[in-house]
Amino acid sequence: MPVETLDETQTFDHVEKLTALLETLMTELDLGDREVTLVLTNDEVIAGLNARDRDVSGPTDVLSYPTFEPTDIGFPHVPHLGDIFISLDTAETQAAAATTDLFAEVATLAAHGLLHLSGLDHQDDEQWRPFNEAQRRILELRGALEGNSK
């Protein structure tokens, strides 16, 4: 199973759909033979991770923890890309501000985190392009998935 989704909050109603979307996006990005752990958590937990690992106080929306850095010379190819943590509290706030639903926001954040795990970063507009494309694509996949389930 390429994506293991853990809902620590026990409040997200779309874990299976989210997992399927992320797996489909991984296949499209030629990462289908890799594995990811997706952890849905709250602001308290993610703020603790943010402070410990980035020395930034307060919560954030998504954090990615790669199993290895793609620049690690000599590190063997491992199946597990890494872990993505998403704060459902922050995602809910952002969804309301963007007048979208929580599922769309969480899916977008999952796509964003996946690209970080694949070794990409976004320091300028050009580097943002694949992130924007993946975030747009996961929403298209959601539309197709929900269209097929009606």
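The values are calculated or read from the model by the stated rules, or taken from the named source; none is laboratory data. Small disclaimer: the values here were computed from a predicted structure and weren't measured. Cβ atoms come from the backbone with ideal geometry, glycine included; neighbour counts cover every protein chain shown.
Can you name the condition, by its number, that Glu8 falls short on among (1) closer than 21 Å to Phe131 by Cα; (2) touching a strand residue (DSSP E or B) at 6+ places or on another chain (Cβ under 9 Å); (3) modelled with pLDDT of 95 or more; (4) surrounded by fewer than 18 Cβ atoms within 10 Å (Cβ to Cβ)?
Glu8 satisfies every listed condition except (1).
Out of Leu38, Leu88, I need the residue that is of a type outside the set (Phe, Trp, Tyr), within 17 Å of the chain's Cα centre (by Cα) and more than 21 Å from Arg136 (Cβ to Cβ). Which one? Explain how you work it out, then say what you get.
Values: Leu38 fails: more than 21 Å from Arg136 (Cβ to Cβ).
One residue alone meets the criteria, Leu88.
Cβ-Cβ under 6 Å, sequence separation 6+ or interchain: first residue in segment 124-150 and farther than 13 Å from Gly113 by Cα and of a type in the set (D, E, K, R), partner modelled with pLDDT of 85 or more and assigned to a helix (DSSP H, G or I). Which pairs?
Arg142/Leu21; Arg142/Ala107
For a quick check of your reading: which helices (runs of 4 or more DSSP H) sit entirely within segment 1-116 and have at least 1 residues that are of a type outside the set (Val, Ile, Thr), without any contact (Cβ under 8 Å) to a residue 60 or more places away in the chain and under 25 Å from Ala144 (Cβ atoms)? Reasoning before the result, please.
Numbers: elements: 15-28, 43-54, 88-97.
Passing ranges, in order: 15-28, 88-97.
Answer yes or no as to whether Asp83 is exposed (fewer than 11 other Cβ atoms within 10 Å of the Cβ) and modelled with pLDDT of 95 or more. Please lay out each step first, then the result.
Values: exposed (fewer than 11 other Cβ atoms within 10 Å of the Cβ): no; modelled with pLDDT of 95 or more: yes.
No, not satisfied.
Filter segment 110-137 down to residues that are surrounded by fewer than 12 Cβ atoms within 10 Å (Cβ to Cβ) and among the acidic types (Asp, Glu) and give me whichever is nearest to Phe68 (Cα to Cα).
Asp121
Restricting to segment 18-43, name every residue that is in contact with an Asp or Glu (Cβ under 8 Å, 6 or more places away or on another chain) and charged (D, E, K, R).
Across segment 18-43, the qualifying residues are Glu35, Asp43.
With respect to Glu44, is the statement that it is among the acidic types (Asp, Glu) and farther than 20 Å from Ala134 by Cα true? Let's see the steps before the verdict.
Working: among the acidic types (Asp, Glu): yes; farther than 20 Å from Ala134 by Cα: yes.
Answer is yes for this residue.
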